[in-house]
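FYI, it's all coordinate maths here, none of it is from the lab. Since this is a predicted model, take the numbers as computed values, not measurements. Every residue, glycine among them, receives a Cβ derived from its backbone with ideal geometry; neighbour counts consider all protein chains shown.
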Amino acid sequence: MRNPNTDILHVLERSDMIQFNGEYARPDFLYVPAEDEPSHPDDVVLEISVADDEVDFTLSELENAKPLGEGSYLLEDRGLLRCLSSAILH
């Protein structure tokens, strides 16, 4: 069972904005599969638009992200992803 306080997918689901490698974006697409729902490691679960580019993240990339604390995660070979709430942004 995923921990809703530390699992990146649940943290993303509760965030208002994302910072990816210093660029701010709102998710264009976010899909959090249910625990009992079949999913594959290469399923795209997050899409954001950054600097006129669309950036996709797979389930595997997000599940293998290294948590750094306070909604920040290091994605191997991709960079830093931070999940931000409106309380942090104000």
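Figures for the structure shown
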item	result
Charge sum, other residues only, whose C-beta stays under 13 Å from Asp77's C-beta, Lys/Arg counted +1 and Asp/Glu -1	0
Pairs of Cα atoms farther than 22 Å apart, the stretch 8-89, %	17 percent
Neighbour-count ranking [beta-carbon atoms within 10 angstrom, fewest first] of Glu76, Glu61	Glu76, Glu61
Glu54, Glu35 arranged by Cβ crowding within 10 Å, fewest neighbours leading	Glu35, Glu54
Distance between modelled label sites at Ser85 and His10, nm, 7 Å Cα→Cβ extension	1.4 nm
Sorted by Cβ neighbour density within 10 Å, fewest at the top, the residues Phe29, Phe57	Phe29, Phe57
Length-normalised contact order of the chain in % [C-alpha pairs under 8 Å, at least 6 apart]	31 percent
Sum of side-chain charges, Asp16 neighbourhood, beta-carbon under 13 Å (Lys, Arg +1; Asp, Glu -1)	+2
Residue with peak Gaussian network fluctuation, the chain [Cα springs, cutoff 10 Å], from Pro27, Pro67, Pro38	Pro38
